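Notes to accompany the following structure.
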Amino acid sequence: MGERADSALITVGIIGAGGIANAHLPAWRDLGVRVLVYSVDEGAAGLIERHGAGEAVTSLAELLERADIVDICSPTYTHRDLVLQAVAARRPVICEKPLGLDPEQAREIMSACAAAGVSLFPAQVVRFFPEYRALQQQVAAGIVGTPAVLRFTRIAERPKREWFHQPALAGGIILDQMIHDLDMARWLAGEVTEVFARSVTRAADTGEVTAAQVVMQHASGAISSAFGAWASAGTSFRTAFSLAGTAGYLRHDSADNRPVRVDAPAPGQPRGGLLPRNLGRSPFHDQLGEFLSAIRDGAPTRVSAFDGVQAVAIATAASESARAGRPVRLGDAWTSTQPEERSA
């Protein structure tokens with residue numbers, strides 16, 4: 001970012017004014033940065049009014065000229081082109097998941113950023129939710145031993161915007177929704193070598209209902225499964241996970257309205273107990289704050305561009321498995337060397 005990164009006031013340009021922008025804008029507002037918003041559907045004014053922050057701009061060119069950081073909150077099918085335009089303007093990029101519609105797009109995005117020396121941050125926000133962060137910390141600390149069997153659940157009502165349901169535009173439920181849990185499985189148990197998936201869509205009085213199940217084999221020997229559903233209108237959002245390791249078991253279910261429960265001894269403590277639950281800031285605030293620190297100060301982040309690419313690779317392999325009705329190997333993609341990532 002050069003000299004602009006050293007200024008006291010950073011300007012972030014949000015592209016898109018749909019659902020996820022309603023999480024990003026208030027987080028940026030609370031982080032104290034100036035925010036510009038550009039949207040092709042003229043939704044910027046409403047977004048700004050709802051959150052009491054931001055300035056609408058009338059063109060992408062204006063946003064790229066004035067912004068220090070570009071935050072892409074637009075539909076999946078626009079990500080590749082928008083990232084490449086931000087790279088051409090030499091602006092650090094935060095891009096909502098998934099990075100692209102397929103691994104080729106995602107790798108192209110990562111390679112273009114690396115070649116230009118532009119920082120790229122995939123917005124895999126579930127890594128910043130306190131219960132999932134607690135899960136990762138317990139695994140990293142060895143509290144439950146080596147991960148062996150992992151299970152994830154994610155249920156939400158069917159997205160209202162029709163582009164979500166067109167595979168050519170959004171990639172389907174596995175790439176759009178379940179990518180969060182596929183990413184978590186890889187973060188916890190290591191690289192994925194093979195996937196097997198099933199997906200079904202059925203008509204209902206309140207619209208179509210879609211569900212999918214993905215089973216992953218990890219290079220470590222662990223096995224993970226993820227279930228996702230786009231359910232009837234009005235369905236309560238629910239997530240759950242469990243992890244069985246060689247030394248203990250850990251689980252969480254948002255429907256229980258309880259903190260993560262760990263059935264394993266902490267160092268120097270008797271068996272059992274509860275992990276504390278963080279009821280403070282939004283995970284979007286923590287995610288964007290961490291990315292901002294990385295851009296300004298070179299601080300480390302818990303998610304890299306390579307993580308974003310691998311998440312897309314797993315999700316698209318799973319989608320192919322669901323279509324073909326057979327297991328799909330990820331080949332040697334998971335052993336590939338990631339390009340050097342540099343801060344702009």
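The values are calculated or read from the model by the stated rules, or taken from the named source; none is laboratory data. Here the structure is a predicted model, which means the values were calculated and not measured. Here the Cβ is made from the backbone with ideal geometry for all residues, glycine too, and neighbour counts use every protein chain on show.
At least 1 residues that are within 19 Å of ALA324 (Cβ to Cβ) in each: list the strands (runs of 3 or more DSSP E) lying fully within the range 160-262 that qualify. Write out each step before concluding.
Numbers: elements: 192-202, 209-218, 223-231, 238-245, 249-253.
By residue number, 192-202, 209-218, 223-231.
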> For the range 135-155, what are the residues that are over 22 Å from VAL309 (Cβ atoms) and in contact with a Lys or Arg (Cβ under 8 Å, 6 or more places away or on another chain)?
Replying inline: THR153, ILE155
>> Looking at ILE94, ILE109, ILE72, ILE143 in this structure, which one is in the same structural domain as ILE173 (by TED's automatic domain parsing) and either more than 30 Å from GLY331 (Cβ to Cβ) or in contact with a helix residue (DSSP H, G or I) (Cβ under 7 Å, 6 or more places away or on another chain) (or both)?
In response: ILE143
> Among the residues of the range 126-141, is there at least one that is among the basic types (Lys, Arg) and assigned to a helix (DSSP H, G or I)?
Replying inline: yes
>> Just checking, does the range 326-344 include any residue being crowded, with 20+ Cβ neighbours inside 10 Å, at pLDDT 85 or above, outside the structural domain of TYR77 (by TED's automatic domain parsing) and under 29 Å from SER111 (Cα atoms)?
In response: yes
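Looking at PHE164, PHE152, PHE121 in this structure, which one is of a type in the set (Phe, Trp, Tyr), under 19 Å from the mean Cα position of the chain (by Cα) and at pLDDT below 95? Walk me through it before giving the result.
Values: PHE152 fails: at pLDDT below 95; PHE121 fails: at pLDDT below 95.
PHE164 is the lone residue from the list that is of a type in the set (Phe, Trp, Tyr), under 19 Å from the mean Cα position of the chain (by Cα) and at pLDDT below 95.
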>> Can you pull out every residue in the range 295-321 that is farther than 17 Å from MET110 by Cα, modelled with pLDDT of 95 or more and surrounded by fewer than 21 Cβ atoms within 10 Å (Cβ to Cβ)?
In response: GLU320
> Considering the range 44-57 alone, what residues qualify as being surrounded by fewer than 16 Cβ atoms within 10 Å (Cβ to Cβ) and of a type outside the set (Asp, Glu)?
Replying inline: ALA45, GLY46, ARG50, GLY52
>> When the residues of the range 208-229 are narrowed to those that are buried (at least 21 other Cβ atoms within 10 Å of the Cβ) and more than 22 Å from TRP163 (Cβ to Cβ), which ends up farthest from the chain's Cα centre (by Cα)?
In response: ALA222
> Based on what the data block shows, is ARG186 touching a helix residue (DSSP H, G or I) at 6+ places or on another chain (Cβ under 7 Å), modelled with pLDDT of 95 or more and within 18 Å of ALA233 (Cβ to Cβ)?
Replying inline: no
